[in-house]
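One structure is given below, encoded as C-alpha cells.
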Amino acid sequence: MRRKAAVLLSLLLTCAAVQADMIMADNRNDTEENSTEKIRIEKIDDLPQDFVLGADISSILAQFESGVCYYDFSGQPLDEQGFFDLLARGGTDCVRVRVWNDPYDGQGRTYGGGHNDLKTAVKIGQLATRAGMHVLIDFHYSDFWADPAKQMVPKAWEGMGLAEKAEALRAYTQESLYALLDAGVDISMVQIGNETNAYFCGESVWTDICRLMAAGSEAVRAVSAETGHEMAVVLHFSDPQREGSYEKYAAALYRHRVDYDIFASSYYPFWHGTTQNLTQVLKTIADRYGKRVMVAETQYGYTFEDGDGSGNTFGREWDTQTLAYPVSRQGQADALRDVITAVLDVGDKAVGVFYWEPAWIPVRVWNGNAAVLEENRRIWENCGSGWATSFAGSYDPQDAGRFYGGSAVDNMAWFDFDGHPSGMVSFYRRVRGERAAGRRNR
Ligand code: CA
C-alpha cells in the first residue's frame, strides 16, 4: 500500500514547547486508561505465547524527519526510541519493515513512502531491537511499492536475463541481511517479495518467479547457516477472497520446490472477504502443504476523516468496500481481534498477525485549510513522508506519477491525527490478558 524529508522549524518549536509543558505535568500513569476513547478489548483465550503480534511502521523515521510529534499515554512527547518502547510496552513484539533497493531518482531525490532503503531498515531494526522486539525484513525487490498491481524490477537490474537477475537477487539479499545482522538487528523473519500475486520482480511466469524466490530463500538459508541466526523464510500474497488463487500459488511453489516456511497473506477486512474465508484458505495451505501461515498486513479505519488532505484508501467514498464493523475505535479493535482469531483458528500452523502502518498520521492536520495542505505537500516532497513524491513518477509514471501525495491511511492509525495514542497502542497486551505496563521505562 501507500505513503515523506526536511525538518520543519515550526513543528520542532511546537514539539519543544509541548515537551516543556509536559515535564511540568508528569505524575499521571502511563497507561491507556488516560486515553480519551475507552475501548473494550477482551482477552483471547489460549493465545500462544509465541504467537506474533506485530506492526509495520516503515514510515516512522520519515515521519520524525518531517517534525511529526508522537506522545505517550501521559502526554509526554516521544523521541524515536521512546516511540518504539511505547509500542513494545503495548504488546507489539515484532516490527515489520519494507526494503526497497534504490528509492531515489537520478538526482538522489526520494521517491517517498518513507524512503525505505537498507539504511532506513537498519535504523528501524536497531530501534526495534533495542526495545526488545523482533524484526521482519520485507524485501520488495523493487525500487518502490510492490503490490498485486505492480512488481517493477529495480533500475539496476533492468535488462538482466533470468539467471543474472537471480544471482543479483541472491547477492543483494545476502549482503543486506549481513548488514542488518552486523548492526545488531534481531531478524526473526525475511519476506521474499511483497504481495507477489503471480508477478514478482518484473517476471510473470511461475517458473521464472519461483527461480527468483528460490534464490532469495537460498540467501536467507545461507546467512542463517553461517551466522547461526535463525530466520524464517516468508512468501507473501494478497486477495484471499479470490477463489482458488492461494491454492494455485502454493501448488506452483510446491511444483518448483521453492523452500519456504511461512505462507503470508494480506487481509484488509473491507476488501478481502470474510474472516471465515481467510481461515479456510490459510488452513488449506497449512494442511495440504505443511506450511505455517500468517497475516502480514491488516488495517481498519476508526474514522472517515482524512487528516492530511491526501485521500485515504478506506473511506465512505469507496462504495465497493465492505464495512463489517463500526467505523470507530471499538470497530477497529473488534476487526483486529477477529483477524487474530481467524489466524488462530487455522490451528498449530498459525504464526501471527501484523498491523500495517499504525503511526502514519498527518504531517500537519489539514482541516480543509489550503495553506496547510500546501505546507504538507512541501514536506512530503522534501522528507518522503507521503506515500509517493513527484520524483517517483520517473520510475512509476502510471500511479505515483499521477497520484503522488501524503498518507492514505491516517484514518486507520492507532494514534490520533495529533499523535496521541489511542487504546489500540495497548491492544496486543490486552488481548493477551496482561494488565497495564505501569510507568514508562525511559
Ligand atoms: Ca490522508
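Summary table below
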{"item": "Of residues in segment 355-394 being away from the ligand (no atom under 15 Å from the Cβ) and crowded, with 24+ Cβ neighbours inside 10 Å, the one nearest to LEU87 (Cα to Cα)", "result": "TYR355"}
{"item": "Within segment 208-257, tally of residues that are over 16 Å from LEU278 (Cα atoms), basic (Lys, Arg) and not in a helix (DSSP H, G or I)", "result": "1"}
{"item": "Matching entry among GLN330, GLN398 (being more than 20 Å from the chain's Cα centre (by Cα), under 22 Å from TRP271 (Cβ atoms), part of a loop (DSSP other than H, G, I, E, B) and not acidic (Asp, Glu))", "result": "GLN398"}
{"item": "Criterion (in a loop (DSSP other than H, G, I, E, B) and either on the phi > 0 side of the Ramachandran plot or within 16 Å of the ligand (Cβ to nearest atom) (or both)) met by exactly one of TYR300, TYR325, TYR260", "result": "TYR300"}
{"item": "Selection status of VAL343, closer than 21 Å to SER66 by Cβ and away from the ligand (no atom under 16 Å from the Cβ)", "result": "no"}
{"item": "Among the residues listed as LEU118, LEU136, LEU86, the single one being of a type in the set (A, V, I, L, M, F, W, C) and under 21 Å from VAL295 (Cβ atoms)", "result": "LEU136"}
{"item": "Within segment 401-424, considering residues that are outside any loop (DSSP other than H, G, I, E, B) and within 16 Å of the ligand (Cβ to nearest atom), the one surrounded by the fewest Cβ atoms within 10 Å (Cβ to Cβ)", "result": "PHE403"}
{"item": "Test: residue in segment 309-319 that is away from the ligand (no atom under 16 Å from the Cβ), at pLDDT below 95, assigned to a loop (DSSP other than H, G, I, E, B) and of a type in the set (Asp, Glu)", "result": "yes"}
{"item": "Unique residue being in a helix (DSSP H, G or I), under 16 Å from VAL68 (Cβ atoms), basic (Lys, Arg) and out of contact with any strand residue (DSSP E or B) (no Cβ under 6 Å at 6 or more places or on another chain) when the list is ARG429, ARG364, ARG377", "result": "ARG377"}
{"item": "Segment 107-129, residues that are within 17 Å of SER394 (Cβ to Cβ) and either of a type outside the set (Ser, Thr, Tyr) or not in a loop (DSSP other than H, G, I, E, B) (or both)", "result": "GLN107, GLY108, ARG109, THR110, GLY112, GLY113, HIS115, ASP117"}
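The values are calculated or read from the model by the stated rules, or taken from the named source; none is laboratory data. Since the model is a prediction, treat every value here as computed from it, not as a measurement. Heads up, the Cβs are rebuilt from the backbone with ideal geometry, glycines too, and the neighbour counts pull from every protein chain shown.
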